[in-house]
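This report refers to the structure that appears directly beneath it.
The values are calculated or read from the model by the stated rules, or taken from the named source; none is laboratory data. All figures in this text were calculated on a predicted structure; none of them were measured in a lab. Neighbour counts are summed over all protein chains in view; Cβ atoms, including those assigned to glycine, are modelled from backbone coordinates with ideal geometry.
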Amino acid sequence: MCAGDWIVDLGEGRRFLQYTSCCIINDFGTEKLAGIPLRSGNKVLPHNLRETAGVLFEHGVSDLVVIHFPEGAYLSSKDALEIIQPFLQLPDDFTIGKMGAGDSFCAGVLYGSYQGWSDDKTVRQLKRPRPDPCSPRWVARIR
C-alpha cells in the first residue's frame, strides 16, 4: 500500500488497511492514516513510531508495518519484532534529487521478502547507498 496526498481523511485511507498484509509507507502518509504526529519540525519523534504502527495494525494490517522517513526506517511486525534503522548520512551533493527514493525503498523491502530474507536483514540492507543513475559519479562511470 502506498499512501500520500490522496489520503484526504483518516476514514478514507484506513478502510484499505483491512486488505493489507505489508504496509510500507512514508512518515507523511503514516501521520495521515494514524492521526499521530511523527515529526516535530525537522525531527522524527521516535517515541510515536510504535504507537503509530499499533494504530495501523488495529485497523487491519496483518503482518508488517514499515515506515520510512529521510533519517531512517522503522519496522514493526505483528509478532512484536521492532527495528529502527538509521540511514547513512550522505553529503548533499551525493545525489541530484530525492525523486523515487520512497519507491526504491519499497522495492527493496519487497525484494528482501521475495528473497526470503529476515525482516532484520532486509531493513539493515536498505541503509547502504546504492549507485544513483542520476549521480555525476555514476554518469562518469557509464561514459
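Here are a few things to note about the model shown:
- Considering residues of the range 100-143 that are of a type in the set (D, E) and at pLDDT 85 or above only, the residue surrounded by the fewest Cβ atoms within 10 Å (Cβ to Cβ): D120
- Tallying residues that are surrounded by fewer than 21 Cβ atoms within 10 Å (Cβ to Cβ) and polar (S, T, N, Q) within the range 27-47 yields 2.
- Counting residues in the range 17-26 that are loosely packed, with under 12 Cβ neighbours inside 10 Å, modelled with pLDDT under 90, in a loop (DSSP other than H, G, I, E, B) and more than 14 Å from the chain's Cα centre (by Cα) gives zero.
- Residues within the range 28-72 that are closer than 20 Å to R15 by Cβ and in a loop (DSSP other than H, G, I, E, B), tallied: 7
- So L38, is it without any contact (Cβ under 8 Å) to a residue 60 or more places away in the chain, touching a strand residue (DSSP E or B) at 6+ places or on another chain (Cβ under 7 Å) and more than 19 Å from R124 (Cα to Cα): yes
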